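Engineer: Sharing a structure below in structure tokens format, with a few things to ask.
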Amino acid sequence: MQFFVDTADVAAIRELAELGMADGVTTNPSLILKSGRDILEVTREICGIVEGPVSAEVVATEAAAMIAEGRKLAAIAPNIAVKLPLTWDGLKACRVLTSEGHMVNVTLCFSANQALLAAKAGATFISPFIGRLDDINLDGVDLIADIRTIYDNYGFKTRILAASIRTVNHVAEVAKIGADVMTAPPEVIRKLAQHPLTDAGLATFLKDWARTGQKIL
Ligand code: G3P
């Protein structure tokens with residue numbers, strides 16, 4: 001499973017990329033706001049840090065304007081994936097932009113039927129939002145499983161990008177199901193390394209090592 005980092009924080013992306021933990025990046029208007037940076041400038045900088053896809057989201061809501069914005073974003077770098085909302089106009093824009101050879105990430109997906117439409121429109125990625133479904137007492141992980149089944153039934157090539165990941169358990173769950181990619185904030189990716197038994201075991205080893213009186217270096 002590929003790891004994308006869900007942030008426009010350049011320092012965090014750089015740190016994770018150096019560790020091999022950033023196969024790509026996803027941004028959205030809220031994350032651009034949080035970064036306090038100009039969208040074109042920060043997106044260009046991110047595209048220079050990671051080799052994989054960097055999602056940059058349009059803000060127009062009508063197909064022709066989405067296409068124009070998408071072309072401008074795609075011109076930033078060859079690894080841009082134009083992010084479009086899962087609306088009828090977004091699907092129209094998806095069709096046009098993918099036919100021009102651009103990567104497209106269809107976002108704000110909350111149902112299996114929406115994911116089916118995105119695949120038929122030729123999306124490169126579909127982004128089902130797990131955490132936001134959990135927020136309203138629905139099961140976001142179940143949606144990933146449904147989309148996996150549907151895409152595999154028909155051989156759709158659209159890649160499942162599990163998004164709105166809030167917990168470390170989400171990561172393991174979508175990996176078991178076979179999501180192609182997950183995107184999570186840097187703090188969730190860092191937490192994947194944590195386990196209380198690792199901490200306790202290390203403390204014991206260090207205590208015992210001190211009692212040997214030895215040094216390795
Ligand atoms: O990739 C989509 C993601 O940014 C949404 O996450 O936590 O705002 O629902 P969240």
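The values are calculated or read from the model by the stated rules, or taken from the named source; none is laboratory data. Not measured: the values here are computed from a predicted model. Backbone-built Cβ (ideal geometry, glycine too); neighbour counts: all protein chains shown. Heads up: the accessible areas ignore ligands, DNA and RNA and are worked out on the full protein's heavy atoms, side chains in. Shrake-Rupley method; radii C 1.70, N 1.55, O 1.52, S 1.80 Å.
Engineer: Only one of (1) more than 13 Å from the ligand (Cβ to nearest atom); (2) more than 11 Å from the chain's Cα centre (by Cα); (3) not in a helix (DSSP H, G or I) is not met by A8, so which one is it?
Structural biologist: So A8 meets the others, but not (1).
Engineer: Can you name every residue in the stretch 135-153 that is open to solvent by 50 Å² or more (accessible area, probe 1.4 Å) and outside any loop (DSSP other than H, G, I, E, B)?
Structural biologist: So the first thing to find is which residues in the stretch 135-153 are open to solvent by 50 Å² or more (accessible area, probe 1.4 Å), and the list is 135-139, 142, 146, 149, 152-153.
The answer is D135, D142, D146, T149, D152, N153.
Engineer: Can you confirm whether the stretch 108-115 contains a residue that is of a type in the set (A, V, I, L, M, F, W, C), part of a loop (DSSP other than H, G, I, E, B), away from the ligand (no atom under 16 Å from the Cβ) and open to solvent by 40 Å² or more (accessible area, probe 1.4 Å)?
Structural biologist: Keep residues of the stretch 108-115 that are of a type in the set (A, V, I, L, M, F, W, C), which gives 108-110, 112, 115.
From the residues that got through so far, the ones that are part of a loop (DSSP other than H, G, I, E, B) too are 110.
With away from the ligand (no atom under 16 Å from the Cβ) added as a condition, the list becomes none.
No, there is no match, as no residue in the stretch 108-115 is of a type in the set (A, V, I, L, M, F, W, C), part of a loop (DSSP other than H, G, I, E, B), away from the ligand (no atom under 16 Å from the Cβ) and open to solvent by 40 Å² or more (accessible area, probe 1.4 Å).
Engineer: Further question on the same structure: Quick test for you: out of A60, A8, pick the one residue that is in contact with an Asp or Glu (Cβ under 6 Å, 6 or more places away or on another chain) and closer than 27 Å to L143 by Cβ. Let's see the steps before the verdict.
Structural biologist: Working: A8 fails: in contact with an Asp or Glu (Cβ under 6 Å, 6 or more places away or on another chain).
So the residue among A60, A8 that is in contact with an Asp or Glu (Cβ under 6 Å, 6 or more places away or on another chain) and closer than 27 Å to L143 by Cβ is A60.
Engineer: Where the second residue is open to solvent by 10 Å² or more (accessible area, probe 1.4 Å) and outside any helix (DSSP H, G or I) and the first is at positive phi and lies in the stretch 94-114, which pairs have Cβ atoms under 8 Å and are six or more apart or on separate chains?
Structural biologist: L108/P85; L108/L86; L108/F129
Engineer: Of all residues in the stretch 59-81 being over 13 Å from E41 (Cα atoms) and part of a loop (DSSP other than H, G, I, E, B), which is most open to solvent (accessible area, probe 1.4 Å)?
Structural biologist: P78
Engineer: Quick check on my filter: what residues within the stretch 11-26 are surrounded by fewer than 22 Cβ atoms within 10 Å (Cβ to Cβ) and part of a loop (DSSP other than H, G, I, E, B)?
Structural biologist: Selection gives L19, G20, M21, D23.
Engineer: Taking the stretch 159-172 on its own, how many of its residues are surrounded by 21 or more Cβ atoms within 10 Å (Cβ to Cβ) and away from the ligand (no atom under 16 Å from the Cβ)?
Structural biologist: 0
Engineer: Sort out which residues of the stretch 23-62 are among the small types (G, A, S) and either more than 14 Å from the ligand (Cβ to nearest atom) or in contact (Cβ under 8 Å) with a residue 40 or more places away in the chain (or both), and write them in order of number. Show your work before the answer.
Structural biologist: Of the stretch 23-62, the ones among the small types (G, A, S) are 24, 30, 35-36, 48, 52, 55-56, 60.
Once the filter is applied, which keeps residues that are among the small types (G, A, S) and either more than 14 Å from the ligand (Cβ to nearest atom) or in contact (Cβ under 8 Å) with a residue 40 or more places away in the chain (or both), the stretch 23-62 yields G24, G36, G48, G52, S55, A60.
Engineer: For the stretch 154-189, give me each residue that is assigned to a helix (DSSP H, G or I) and in contact (Cβ under 8 Å) with a residue 40 or more places away in the chain.
Structural biologist: Residues of the stretch 154-189 that are assigned to a helix (DSSP H, G or I), as a first pass: 154, 168-177, 186-189.
Those that are assigned to a helix (DSSP H, G or I) and in contact (Cβ under 8 Å) with a residue 40 or more places away in the chain: H170, V174, A175, P186, I189.
Engineer: Being modelled with pLDDT of 95 or more and in a loop (DSSP other than H, G, I, E, B): is that true of R132 here? Full working, then the answer.
Structural biologist: Values: modelled with pLDDT of 95 or more: yes; in a loop (DSSP other than H, G, I, E, B): no.
So R132 fails the test.
Engineer: For the stretch 181-189, check the following and say yes or no: at least one residue is over 25 Å from I13 (Cα atoms) and open to solvent by 10 Å² or more (accessible area, probe 1.4 Å). First the steps, then the outcome.
Structural biologist: If we filter the stretch 181-189 for residues that are over 25 Å from I13 (Cα atoms), which is where we start, we get none.
There is no residue in the stretch 181-189 that is over 25 Å from I13 (Cα atoms) and open to solvent by 10 Å² or more (accessible area, probe 1.4 Å).
Engineer: Residues being assigned to a helix (DSSP H, G or I) and among the small types (G, A, S): count how many of those fall in the stretch 190-216.
Structural biologist: Quick first cut of the stretch 190-216, residues assigned to a helix (DSSP H, G or I) only: 190-191, 196-212.
Still in the list and also among the small types (G, A, S): 200-201, 203, 210.
Total meeting the criteria: 4.
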